[in-house]
Amino acid sequence: MATKKNNKLKIIPLGGLGEVGKNLTVFEYKKDIIIVDCGITFPDETMYGIDIVLPDFTYLVNNKDRIKGIVVTHGHEDHIGAIPYLLKEMNLPIYATKLTVGLIDNKLNEHGLLRSTERNIIKPKDRIDLGGFNIEFIRVNHSIADSVALCIRCDAATVVHTGDFKIDYTPIDEEVIDLPRFAEIGNEGVDLLMADSTNVELTGFTLSEKSVGKRFIELFDGVQSRIVVATFASNVHRVQQIIDAAVVHGRKVAVSGRSMINVTTTAHELGYLNIPKGTLIDIKEINKYDDHEIVVISTGSQGEPMAALSRMAVGEYRQFSITAGDLVILSASPIPGNEKMVMQVINNLFKLGAEVVYEKLAEVHVSGHARQEELKLMHTLVKPKFFIPVHGEYRMLKHHAELAQTLGMPEENALIASTGSIIELDKNSCREIGKAPSGVTLVDGLGVGDVGNIVLRDRKHLSEDGIFIVMVTMSKGKTVAGPDVISRGFVYVRESEELINEARNVVKAALQKCEDKKITDWNKIKGAVRDALDQFLYEKTKRRPMILPILMEVKQ
């Protein structure tokens, strides 16, 4: 006989709570598990040399035989970017809309997983069964086409997960969010709502995407120079509006940046981009046309150092050079933490003589996330018993919980969870009962998870104080050559000869003490050298470089 505990639904967010990005949520009922989204985030300033950040897959690996599949709400990196890395640990089917599957296919192909992975294309209003779960897909609006919310049902409870959404009454693809269906599901009874918290701090409604299209047409009007527009590669609706504005003004369109080319190609092939014949040209063909005939759509709206616009801004992009008079439009808001990089790109563009338009100067960007009034409408339609705010930093989750309470939600029914929380849900209760393994897995080049806290600590140390290398040749515990010193990022040896000579004497004294005490263990000798040097260098410079003693033995 099944126990009461076994008849409850477990929800385990492994990312996306207390942070923006890295979205991954586990739903577990009896022996069955489904995964909703599997995304990445980008490194912060403390993660030296790291390329991307993945969720910790430990819980999933430990339960991989129970997982029925990955259900994806939309095709942004923070929702699909980690899928190839998870699939290298286990083979799972994927369920997503057509454009989302197309973008996932690009990633699977890069990782050599395309042929071995089952992908299932679903449509809004579809319902599928995965183990003990029934999942319904509901159309929503967002800054990428083909976005869906989920209604997840099992015998224990019904959950509505909004994914990322906004309410846009005039979307570019004319596919309006299915508010009637949310209302119907609300009338049927919803135990838990999990809703996007990204814009909860902003009052009112998020503007329609169409408002940006009108602004592009205005900005393009009368411009005789080349126009470069930088935006998120995945914002297919924004790309469509840039193309539409170019067509209105008789301009050709070139696409720049690897991710922009990949997304644009996929979206066009699948019918999500309408590009009139003869409009799209290769960026290498730009010089065949006059300046007033050209629009370039580029990556780099977040100031990423290797993105196309950033390289244009410092004159290092081979295929296209910014010249005086060019109009550059940054059609995106800086992600928190990227503001300095974006401003540096803008400054560099101005130095090249370009005219730069960005969000502070003109309405060239609207968000894909719901503001307070849209969130209130979602809560009112769904009428959940319990609520867990998701997709946001802690302050966002807190504000969203308080917003739910203004609509009549009892305070104890709005649960602010964190990454790794194990939440237990049924018709009568929603509470945190424990913690699952959670955190981050760091990707550096081809290495996945091989860089941890100790390596990051060393990189931080090197970045702040440099390295001081001491090389000594020894034989039978006695010094026969050296010490020789190499300094990198600490002091310039040729200009600090007195300090270096004193440091050598400190090392010689430490080695002599070891010899006098008949210490032959190399680790102890290295430790004595390191301690003596650390104290000396700090007294002289008030800095503590990484000290690396290297002992070499020769046989005499």
Original post:
Which one is modelled with the highest pLDDT among residues in the stretch 82-110 that are part of a helix (DSSP H, G or I) and in contact with a Pro (Cβ under 8 Å, 6 or more places away or on another chain)?
Top reply: 108
Original post:
Quick check, is residue 234 under 30 Å from residue 23 (Cα atoms), touching a residue at least 12 places away in the same chain (Cβ under 8 Å), assigned by TED's automatic domain parsing to the domain that holds residue 325 and not hydrophobic (A, V, I, L, M, F, W, C)?
Top reply: yes
Original post:
Name the residues in the stretch 109-130 that are exposed (fewer than 12 other Cβ atoms within 10 Å of the Cβ) and closer than 18 Å to residue 178 by Cβ, would you?
Top reply: 123, 127
Original post:
Across the stretch 324-353, what is the number of residues that are assigned to a loop (DSSP other than H, G, I, E, B) and free of Cβ contacts under 8 Å to residues at least 40 places away in the same chain?
Top reply: 6
**OP:** Go over the candidates 148, 140, 160 one by one and state the one that is under 20 Å from residue 386 (Cα atoms) and surrounded by 17 or more Cβ atoms within 10 Å (Cβ to Cβ).
**Re:** 160
**OP:** Could you tell me whether any residue of the stretch 202-215 is farther than 27 Å from residue 371 by Cα and outside the structural domain of residue 387 (by TED's automatic domain parsing)?
**Re:** no
Original post:
Of (1) more than 32 Å from the chain's Cα centre (by Cα); (2) in the same structural domain as residue 414 (by TED's automatic domain parsing); (3) buried (at least 16 other Cβ atoms within 10 Å of the Cβ), residue 223 satisfies all except one. Which?
Top reply: (2)
Original post:
Would you say residue 397 is surrounded by fewer than 18 Cβ atoms within 10 Å (Cβ to Cβ) and closer than 18 Å to residue 199 by Cβ?
Top reply: no
**OP:** Just need a number here: residues in the stretch 198-248 that are among the small types (Gly, Ala, Ser) and part of a loop (DSSP other than H, G, I, E, B).
**Re:** 6
**OP:** Write out, first by first residue and then by second, each pair whose Cβ atoms fall under 9 Å of each other, whose residues are 6+ apart or on separate chains, and whose first residue, in the stretch 501-517, is in contact (Cβ under 8 Å) with a residue 40 or more places away in the chain while the second is surrounded by fewer than 19 Cβ atoms within 10 Å (Cβ to Cβ) and basic (Lys, Arg).
**Re:** none
Original post:
For the stretch 304-323, how many residues are surrounded by 13 or more Cβ atoms within 10 Å (Cβ to Cβ), among the charged types (D, E, K, R) and either touching a strand residue (DSSP E or B) at 6+ places or on another chain (Cβ under 9 Å) or part of a loop (DSSP other than H, G, I, E, B) (or both)?
Top reply: 1
Subject >> Number of the exception - residue 183 against (1) in a helix (DSSP H, G or I); (2) crowded, with 18+ Cβ neighbours inside 10 Å; (3) among the small types (Gly, Ala, Ser) >> reply: (2)
Original post:
Out of the stretch 269-283, which residues are part of a helix (DSSP H, G or I) and either crowded, with 16+ Cβ neighbours inside 10 Å or aromatic (Phe, Trp, Tyr) (or both)?
Top reply: 283
Subject >> residue 385 of a type in the set (Lys, Arg), in contact with a Ser or Thr (Cβ under 9 Å, 6 or more places away or on another chain) and closer than 24 Å to residue 165 by Cα >> reply: no
Original post:
How many residues are surrounded by fewer than 17 Cβ atoms within 10 Å (Cβ to Cβ) and in contact with a helix residue (DSSP H, G or I) (Cβ under 8 Å, 6 or more places away or on another chain) if we restrict to the stretch 90-104?
Top reply: 1
Original post:
Looking at the stretch 284-303, which of its residues are touching a helix residue (DSSP H, G or I) at 6+ places or on another chain (Cβ under 6 Å) and part of a loop (DSSP other than H, G, I, E, B)?
Top reply: 299, 300, 303
**OP:** Could you grab me the full set of residues in the stretch 139-168 that are more than 23 Å from residue 67 (Cα to Cα) and among the aliphatic types (A, V, I, L, M)?
**Re:** 140, 144, 145, 167
**OP:** Please find, within the stretch 237-268, the residue that is surrounded by the most Cβ atoms within 10 Å (Cβ to Cβ) out of those that are among the hydroxyl-bearing types (Ser, Thr, Tyr) and touching a residue at least 60 places away in the same chain (Cβ under 8 Å).
**Re:** 256
Original post:
From the residues in the stretch 56-79 that are of a type in the set (Val, Ile, Thr) and at pLDDT below 95, which one is surrounded by the most Cβ atoms within 10 Å (Cβ to Cβ)?
Top reply: 58
**OP:** Hey, can you tell me all the residues within the stretch 111-162 that are in a loop (DSSP other than H, G, I, E, B), closer than 30 Å to residue 210 by Cβ, within 28 Å of the chain's Cα centre (by Cα) and not hydrophobic (A, V, I, L, M, F, W, C)?
**Re:** 123, 124, 142, 143, 146, 147, 162
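The values are calculated or read from the model by the stated rules, or taken from the named source; none is laboratory data. It should be emphasised that the depicted structure is a prediction, and the values quoted were computed from it without experimental measurement. As a convention, Cβ positions derive from the backbone with ideal geometry for all residues, glycine included, and neighbour counts pool all protein chains shown.
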